[in-house]
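A quick write-up on the structure given underneath.
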């Protein structure tokens, strides 16, 4: 009897589809096809690859409505956010279609040789293990620079977005890529150890939890293969006394509540200087109360359910433990299945789960501090290191304090977000390596020294 994956709509619990999992023979065939395809794909001229990227952008654009609805159905994202995610993927594809040739150009180095340079060569077949929260964006930000550089890709996506995973594979095929360039593996996590040990797999990219990251890093080390890890976050959002709340409060709330709070780079700890604290709590609460919960396919819905009911269970436990330790409930904390009401907590101490752990849902922990210096120290007090944001009218002074924050990103008067033009990644237990920009393209590249003499 074949093993299967069943997908469900998290908003109403209705079944969506059933998929047969790949057998060992099918997985073996996909690996061998990837290996065979790489031998020809790596020799395809960059201009030809760029033409295929342009066709891919057209395919994604043409299917935007269908892809957005699929995403919303499988993981519950409001339809307007799903559409924005698809648009962002199109922008990413266009960016690499324009810049890949420049990024991969030989870097000539003057030495004693007649000629010497760095050649940027593809590594081979790269395995991606991706999460459900941004089911298209997370995959495309890995796949586009990886394939454009001449590699081929295998995707192990989260099982609850299997439909999205297969839709992405079809997009590449319909755009004209060879079938072995990008393949989806319909399998479970138990197969990953075998995949990592296979010589065809040259490297691995994971976006996921700290626990998953430690396991993949262990397997990568055991098999001497490069790895890129983008893991969890507990981002601080610093509100200084001169912050323009009227101008930025919508951005600040979005930084926490976008995607129903299911984002590694969301603002999770709001560290507010005492002088503006009461004003901030009032304005933040008022703006959160404006969020509209409902059917995620309704265009008026601004916040929806979580992607699975067990995720709400975890969130409920984190909040309750924090309340037991003395946190004060300001708003929310009602639960109905996979829906978790946007919740605001104050009186936060450093021993509470909402301070020390990643809360993957619409939970805002607001912390009062006495001064600007205290705010930066509190922000840095975390084992995570994805990003920090600061809101202040004195952006010049804030820009001089970047060294005090060890994170992979430091945003002033804006929410932490990924942008294809800028490198993206974390420090500490938030992972290592960089995606996007030129850095992302070079993540799975052999930087080969070429030395020529007469």
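Residues of region 218-233 that are in a helix (DSSP H, G or I) and out of contact with any strand residue (DSSP E or B) (no Cβ under 6 Å at 6 or more places or on another chain): 218, 219, 221, 222. The set of residues from region 213-238 being farther than 18 Å from residue 158 by Cα and within 17 Å of the chain's Cα centre (by Cα) comprises 227, 233, 234, 235. In this structure, residue 93 does not satisfy being in the same structural domain as residue 151 (by TED's automatic domain parsing), surrounded by 16 or more Cβ atoms within 10 Å (Cβ to Cβ), in contact (Cβ under 8 Å) with a residue 40 or more places away in the chain and in contact with a strand residue (DSSP E or B) (Cβ under 7 Å, 6 or more places away or on another chain).
Looking at (1) in contact with a helix residue (DSSP H, G or I) (Cβ under 9 Å, 6 or more places away or on another chain); (2) surrounded by fewer than 20 Cβ atoms within 10 Å (Cβ to Cβ); (3) under 17 Å from residue 391 (Cα atoms), which is the only condition residue 269 fails? Every condition holds for residue 269 apart from (2).
Just one of the numbered conditions (1) crowded, with 21+ Cβ neighbours inside 10 Å; (2) in contact (Cβ under 8 Å) with a residue 60 or more places away in the chain is not true of residue 319: (2). Counting only helices (runs of 4 or more DSSP H) that sit wholly inside region 366-453, those with at least 1 residues that are exposed (fewer than 15 other Cβ atoms within 10 Å of the Cβ) are 372-380, 395-399. Counting only residues that are without any contact (Cβ under 8 Å) to a residue 12 or more places away in the chain and either at positive phi or not in a loop (DSSP other than H, G, I, E, B) (or both), region 195-214 holds 2 of them. Out of 227, 322, one residue alone is touching a helix residue (DSSP H, G or I) at 6+ places or on another chain (Cβ under 7 Å) and not assigned by TED's automatic domain parsing to the domain that holds residue 373. It is 227. Selection of region 104-136 for residues being crowded, with 21+ Cβ neighbours inside 10 Å and over 13 Å from residue 444 (Cα atoms) yields 129, 130, 131, 132, 133, 134, 135, 136.
Of all residues in region 1-30, those that are closer than 25 Å to residue 196 by Cα have Cβ atoms under 6 Å from Cβ atoms of residues that are at pLDDT below 95 and exposed (fewer than 12 other Cβ atoms within 10 Å of the Cβ), 6 or more apart or on another chain, in 20/2. The conditions of being within 19 Å of the chain's Cα centre (by Cα) and surrounded by fewer than 24 Cβ atoms within 10 Å (Cβ to Cβ) are met by residue 210. For region 1-40, filtered to residues that are in contact with a strand residue (DSSP E or B) (Cβ under 8 Å, 6 or more places away or on another chain) and at pLDDT below 95, the residue that is surrounded by the most Cβ atoms within 10 Å (Cβ to Cβ) is 3. One residue alone among 278, 282, 289 is more than 25 Å from residue 372 (Cα to Cα) and over 24 Å from the mean Cα position of the chain (by Cα), and that residue is 289.
The values are calculated or read from the model by the stated rules, or taken from the named source; none is laboratory data. For clarity, every value in this text was computed on a predicted model and none was experimentally measured. Every residue, glycine among them, receives a Cβ derived from its backbone with ideal geometry; neighbour counts consider all protein chains shown.
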